[in-house]
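Written out below as structure tokens is the structure these notes cover.
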There are 2 protein chains.
Amino acid sequence: MQSAEETIEFWYEFASTYSYPAAMRVEAVAAEAGVSVLWRPFLLGPIFAALGWSTSPFNLQPAKGAYMWHDVARSCEKLGQTFRRPEPFPQNGLLAARVATALPDDGARAQFSRAVYRAEFAEEQTISEPEVIAALLAAQGLDADSVLAQAAEPANKQALRAQTEAAQRHGIFGAPSWRTADGELFWGNDRLEEALAWAQATAASPA
Amino acid sequence: MQSAEETIEFWYEFASTYSYPAAMRVEAVAAEAGVSVLWRPFLLGPIFAALGWSTSPFNLQPAKGAYMWHDVARSCEKLGQTFRRPEPFPQNGLLAARVATALPDDGARAQFSRAVYRAEFAEEQTISEPEVIAALLAAQGLDADSVLAQAAEPANKQALRAQTEAAQRHGIFGAPSWRTADGELFWGNDRLEEALAWAQATAASPA
């Protein structure tokens, strides 16, 4: 039994490679399961820094990094998504995350986020550059200057910090992560289907 | 099109939590796909030590560790497998890996390996203890003294070292890992199905 109440939180970081295929496929897979997606941008930087890491674990662990590049390319090919390795990696996703936070989660945030991932992982653009972000907003029919100004507001910066703190409270340590309404956590692009099944089973069972 | 030639290598480490559900389910899932399993015990210790790690990354990264314990228990429940968290963690799997290496990969190695995982992750036994390993061998109808003596031979110790070096050459950085006959690598219990699909597709395509 499905209802409009079933939701899943999609926790993503713009520098994260596996968040790219996750962002491109989540809406279709979730819709098929009758589940709505809540887009939750956050920053992995502070979470990694707390472990003493100055960069991505994929840079710190060469064998794991080599596997990841091969595996992400393989996963994207399966989805029919172009994949090009960004240089440098990781890119700085702070500006994109602030803009995503400023946009309403009514479709605009999801559309912008997918555009950022495409720019970063398919089109060899540098997402830390304000002109790149402005062009993505304009292509979406939004007033780029206005959105960028809103993203730079102290209250919006604070909202992103609060979101990252919430991620830590929820036990999130990587991206993408999926969180169901009853707080169950699943880590990784390849666990989306299991997270959706959990959301459905929880919603179907009597309270 | 399937043939008896289709194989998949199952690279596992006895201290590895996710290798437990992998070991318990691999034969049934692979048989359904018409693929034979090659059991490849190796040691993660030297691979972690090369990264400067003195223990499991699940101990070094508390949030990731907390998630793993919850997720492995959840995965085992789904499989109908008992799961109890071993104390201490990680256990030292060197003796078990030497014994597994000494046993022929004709079913005896797989049967012993599953028994070790059950002892460690379901029955609160300490797999570094020779008596525990001897009892598992005896329960399997093998001459424990003879197998333990064979496991302690320099040639067998060297075979396990060579196997761990082969893992590193193959780019393996964690367990379980799956490797197809054409060298494609998949990491994680949850990627077994994808690895088997790869093995089938490769075998089906004309050379």
**Asked** All but one of (1) more than 9 Å from chain A (Cβ to nearest Cβ); (2) closer than 25 Å to B:T101 by Cβ hold for B:F83; which doesn't?
**Response** (2)
**Fill in**
Those residues of the stretch A:84-113 that are of a type in the set (A, V, I, L, M, F, W, C) and more than 25 Å from A:S54 (Cα to Cα) come to a total of 5
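Out of everything in the stretch A:23-53 that is under 18 Å from the mean Cα position of the chain (by Cα) and charged (D, E, K, R), what residue ends up being surrounded by the most Cβ atoms within 10 Å (Cβ to Cβ)? Lay out the reasoning, then the answer.
Filtering the stretch A:23-53 for residues under 18 Å from the mean Cα position of the chain (by Cα) gives A:23-31, A:35-48.
Subsequent filtering for residues that are charged (D, E, K, R) retains A:25, A:27, A:40.
Numbers: A:R25: 16, A:E27: 17, A:R40: 23.
Here the answer is A:R40.
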**Item:** All positions within the stretch B:116-137 that are surrounded by fewer than 23 Cβ atoms within 10 Å (Cβ to Cβ) and in a loop (DSSP other than H, G, I, E, B)
**Value:** B:A122, B:E123, B:E124, B:Q125, B:T126, B:S128, B:E129
**Request:** For residues that are β-branched (V, I, T), farther than 26 Å from B:A73 by Cα and under 18 Å from the mean Cα position of the chain (by Cα), tally how many sit in the stretch B:159-207.
**Result:** 2
**Item:** Which numbered condition B:R25 misses (of (1) assigned to a helix (DSSP H, G or I); (2) in contact (Cβ under 8 Å) with a residue 60 or more places away in the chain; (3) in contact with a Lys or Arg (Cβ under 9 Å, 6 or more places away or on another chain); (4) not hydrophobic (A, V, I, L, M, F, W, C))
**Value:** (3)
**Qualifying positions in the stretch B:87-115 - in contact (Cβ under 8 Å) with a residue 12 or more places away in the chain, outside any helix (DSSP H, G or I) and farther than 21 Å from B:V72 by Cα** = B:L103, B:D105
**Request:** Output yes when any residue across the stretch A:31-40 is in contact with a His (Cβ under 9 Å, 6 or more places away or on another chain) and within 15 Å of A:F173 (Cβ to Cβ), and no when none is.
**Result:** no
**Residues (crowded, with 19+ Cβ neighbours inside 10 Å and closer than 20 Å to B:T17 by Cβ) located in the stretch B:82-98** = B:P86, B:P90, B:Q91, B:G93, B:L95, B:A96, B:A97
**Request:** Could you identify the single residue in B:W39, B:W53, B:W11 that is within 25 Å of B:E153 (Cα to Cα), within 14 Å of another protein chain (Cβ to nearest Cβ) and in contact with a helix residue (DSSP H, G or I) (Cβ under 8 Å, 6 or more places away or on another chain)?
**Result:** B:W11
**Message:** Here's a check for you: in the stretch A:165-207, which residue that is away from every other protein chain (no Cβ under 13 Å) and touching a residue at least 60 places away in the same chain (Cβ under 8 Å) is nearest to B:M68 (Cα to Cα)?
**Reply:** A:P176
**Prompt:** Looking at (1) more than 18 Å from the chain's Cα centre (by Cα); (2) closer than 27 Å to B:Y18 by Cβ, which is the only condition B:N156 fails?
**Reply:** (1)
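When you look at A:F121, is it under 30 Å from B:M68 (Cα atoms) and modelled with pLDDT of 95 or more, yes or no? Before the answer, list the steps.
Numbers: under 30 Å from B:M68 (Cα atoms): yes; modelled with pLDDT of 95 or more: yes.
Taking the combined requirement at face value, the residue satisfies it.
The values are calculated or read from the model by the stated rules, or taken from the named source; none is laboratory data. Computed from a predicted structure; not experimentally measured. Glycine gets a Cβ as well: all are built from the backbone with ideal geometry, and neighbour counts include every protein chain shown.
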